[in-house]
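Trainee: Could you have a look at this structure, given as structure tokens, before my questions?
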Amino acid sequence: MMKRILAFGLLLLLSFPAFAEEPVKGFRDTDLPLPRFVSLKSDRVYVRAGPAMRYPIKWIYRRGGAPVEIVQEFEAWRKIRDVEGEEGWVHQTLLSGARAALVRGDELVLMKDKPDEKARLVARLEPDVVARIEKCDKDWCKLDSAGFRGWVQRKSIWGIYENEVLN
């Protein structure tokens, strides 16, 4: 009896081409790079323990526009990592390709009108402020936050990779 069950299970498994051809196909559903930064599209994003509605909610983000990093894909679900290193699954419709940054550290970050230490001060950004990234060069990023636009040193933000340049 056990051999019949195993044989039936194997036949059932092989009858689904996705399983027979490539068992991990569902874990890479786009040609976009992994990992990659995106932002939260909504002020209420449920982060789940797994890639489906049946998985329990681990926590809820209540900060639209915040940057997160996609580290894995499964069908319409994306496993994300936040600035604190916490990971969980969210539906792709709750994410945006718009790039955002989060001000790091415990001190104010100076926003300048040009990418230069000696440039005119535009604003002082508090830690954990979220801003839209307009572009980044090797050392500076141009941000837009609460109506203020200017340049900050990229070492003071989270949401862009070390050698990444955005135009």
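Trainee: Report the per residue volume, in Å³, of the convex hull enclosing the C-alpha atoms of the stretch 101-158.
Mentor: Working: hull volume 3.8 nm³, N = 58.
Output value, Cα hull per residue: 66 Å³.
Trainee: Among Ile60, Ile70, what is the fewest-to-most ranking by other Cβ atoms within 10 Å?
Mentor: Ile60, Ile70
Trainee: Take the Cα atoms of the stretch 27-90, find their three principal axes, and give me the spread along each one in whole Å, biggest first.
Mentor: Result for the stretch 27-90: principal-axis Cα extents of 29, 25, 19 Å.
Trainee: Let me ask another. Quick one: give the max-minus-min coordinate of the C-alpha atoms of the stretch 37-127 along each principal axis, largest first, in Å.
Mentor: Principal-axis extents of the Cα atoms in the stretch 37-127, largest first: 53, 23, 20 Å.
Each reported figure results from applying straightforward, stated rules to the coordinates on display, with no laboratory input. Because the structure is predicted, anything quoted here is derived from the model rather than measured. Glycine also receives a Cβ, built like all others from the backbone with ideal geometry; neighbour counts cover every protein chain displayed.
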